[in-house]
1. Kindly indicate which of I52, I97 is at negative phi and more than 16 Å from the chain's Cα centre (by Cα).
2. I'd like the full set of residues that are aliphatic (A, V, I, L, M), farther than 30 Å from Y106 by Cα and touching a residue at least 24 places away in the same chain (Cβ under 8 Å), limited to region 56-93.
3. Take the conditions closer than 22 Å to Y136 by Cβ, surrounded by 15 or more Cβ atoms within 10 Å (Cβ to Cβ) and either of a type in the set (S, T, Y) or within 17 Å of the chain's Cα centre (by Cα) (or both) and apply them to V34. Does it pass?
4. Return yes when E108 is surrounded by 14 or more Cβ atoms within 10 Å (Cβ to Cβ), modelled with pLDDT of 95 or more and of a type in the set (D, E) and no when it is not.
5. Is it the case that some residue within region 40-53 is more than 17 Å from A132 (Cβ to Cβ), surrounded by 16 or more Cβ atoms within 10 Å (Cβ to Cβ) and of a type in the set (D, E)?
6. Under the condition of being part of a loop (DSSP other than H, G, I, E, B) and of a type in the set (A, V, I, L, M, F, W, C), which residue from region 7-39 is farthest from L131 (Cα to Cα)?
7. Do we find a residue being within 24 Å of D31 (Cβ to Cβ), among the charged types (D, E, K, R) and part of a helix (DSSP H, G or I) anywhere in region 111-125?
8. Name every residue in region 64-90 that is open to solvent by 20 Å² or more (accessible area, probe 1.4 Å) and either touching a strand residue (DSSP E or B) at 6+ places or on another chain (Cβ under 7 Å) or part of a strand (DSSP E or B) (or both), in order of residue number.
Amino acid sequence: RERRLMYVELSDEARRYMARFDELTGVAPRDCLVEGDRLVFLIPAGEMAAAIGQGGATVTEAERRLGRSVELVEDADTPEAFVASALAPAAVAAVTISEQDDRVAYVEVAPADRGVAIGADGQNIETARTLAKRHYDVDDVQLT
């Protein structure tokens, strides 16, 4: 299914971080979540290597200059690929979007990668849920 044209409401703070990230890396993020001392940038598909830089140098410098931990999620063309990308580096075997009453992404993850997919205090899966809702109108992300 095509990306729904979701209107993403960005705070002034998120907009400033996006502009600064673009300035520092030459990559213009599509979205930014400001979560405490952590920033999550949605990077256009195919631009992840440029955003990370040689050996992680670009993103490390961006973290230093922004004074925050930076996480990057690569954009994707389908809700399934998008959810898998949002849960990286967890190895996602499959994503199925169910559309009974609401849109739920059911994610098959290897047992060894469940912890990675969930993240410390559930932050990875919560980030995936927030981004999937904002960009593909997915109501929930569940690990199976």
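The values are calculated or read from the model by the stated rules, or taken from the named source; none is laboratory data. As the structure is a prediction and not an experimental result, all values here were calculated from the model. A quick note on method: Cβ atoms are made from the backbone with ideal geometry, for glycine too, and the neighbour counts reach across all protein chains shown. For accessibility, only protein heavy atoms count, side chains too; no ligands or nucleic acids. Shrake-Rupley method; radii C 1.70, N 1.55, O 1.52, S 1.80 Å.
1. That would be I97, the only listed residue that is at negative phi and more than 16 Å from the chain's Cα centre (by Cα).
2. Scanning region 56-93 gives V59, A62, L66.
3. yes
4. When the stated conditions are applied, E108 does not pass them.
5. yes
6. V27
7. Yes, region 111-125 contains at least one residue that is within 24 Å of D31 (Cβ to Cβ), among the charged types (D, E, K, R) and part of a helix (DSSP H, G or I).
8. Hits for region 64-90 are L66, R68, S69, E71, L72, E74, E80, A84, S85.
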